[in-house]
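Asker: I'd like to ask you about the structure that follows.
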Amino acid sequence: MTLSNPERRRCTATRKDGSACQAWASKTTGFCPLHGPNASQIHVDGGLSKTRAHMLETRMNPKLKDIVQLLGMAAKQVHAGQITPQQGSALASIATALIRAVESAELEMRLAVLEVRLKGDRNEF
Ligand SMILES: [Zn+2]
């Protein structure tokens, strides 16, 4: 069921492919957010967030990446009814414990590196 509102209008812009934009328009501009006066900033912000997400993904610990992938798969499987929500919760609990262990190990390693550097600096004086 779709609710129609006679007050709402569609965007009057034309897409790159020549078809009419089907998005809802703002009452003040007559355009959707992607075709309105702030469109260029929205596109820039979108590109930046994609870049940030990409950077985060490439810089993420490979072990965490696997866990995040597993959680994503589990969420899809729960949604598709392939596994029960209880099984999904169990996986999430295990994943959370794994993430904490990986993060803790990573923190220990970074701290050890800093301690070695600090000792090295002290010996120079
Ligand atoms: Zn539009």
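Asker: Condition first: exposed (fewer than 12 other Cβ atoms within 10 Å of the Cβ) and of a type in the set (Asp, Glu). Can you find one or more residues in segment 83-105 that meet it?
Answerer: Taking every residue of segment 83-105 in turn, none turns out to be exposed (fewer than 12 other Cβ atoms within 10 Å of the Cβ) and of a type in the set (Asp, Glu).
Asker: Exactly one of these conditions fails for GLN77: (1) polar (S, T, N, Q); (2) assigned to a helix (DSSP H, G or I); (3) within 16 Å of the ligand (Cβ to nearest atom); (4) surrounded by 13 or more Cβ atoms within 10 Å (Cβ to Cβ). Give me its number.
Answerer: If we test GLN77 against (1) polar (S, T, N, Q); (2) assigned to a helix (DSSP H, G or I); (3) within 16 Å of the ligand (Cβ to nearest atom); (4) surrounded by 13 or more Cβ atoms within 10 Å (Cβ to Cβ), just (3) comes out false.
Asker: What number of residues within segment 17-44 satisfy the criterion of being farther than 28 Å from GLU7 by Cβ and either surrounded by 10 or more Cβ atoms within 10 Å (Cβ to Cβ) or within 11 Å of the ligand (Cβ to nearest atom) (or both)?
Answerer: Number of matching residues: 1.
Asker: Also: What residue, of LEU91, LEU34, LEU64, is modelled with pLDDT under 90 and either of a type in the set (D, E, K, R) or under 23 Å from the mean Cα position of the chain (by Cα) (or both)?
Answerer: It is LEU64.
Asker: Which number in (1) more than 16 Å from the ligand (Cβ to nearest atom); (2) farther than 30 Å from ARG110 by Cα marks the one condition that LYS65 misses?
Answerer: (2)
Asker: To continue, here is another question. Do we have any residue at all in segment 14-29 that's without any contact (Cβ under 8 Å) to a residue 12 or more places away in the chain and in contact with a helix residue (DSSP H, G or I) (Cβ under 8 Å, 6 or more places away or on another chain)? I'd like the intermediate steps shown before the answer.
Answerer: Residues of segment 14-29 without any contact (Cβ under 8 Å) to a residue 12 or more places away in the chain: 14-20, 26, 28-29.
Cutting the leftovers down to in contact with a helix residue (DSSP H, G or I) (Cβ under 8 Å, 6 or more places away or on another chain) gives us none.
No, segment 14-29 has no match at all.
Asker: Check THR51, THR96, THR58 and return the single one that is part of a helix (DSSP H, G or I), among the polar types (S, T, N, Q), out of contact with any Ser or Thr (no Cβ under 9 Å at 6 or more places or on another chain) and within 30 Å of ALA13 (Cβ to Cβ).
Answerer: Details: THR96 fails: within 30 Å of ALA13 (Cβ to Cβ); THR58 fails: within 30 Å of ALA13 (Cβ to Cβ).
Going through THR51, THR96, THR58 in turn, the sole match is THR51.
The values are calculated or read from the model by the stated rules, or taken from the named source; none is laboratory data. Every value quoted in this text rests on a predicted model; they were computed, and no experiment measured them. So basically every Cβ, Gly included, is an ideal-geometry build from the backbone, and we count neighbours across all protein chains shown.
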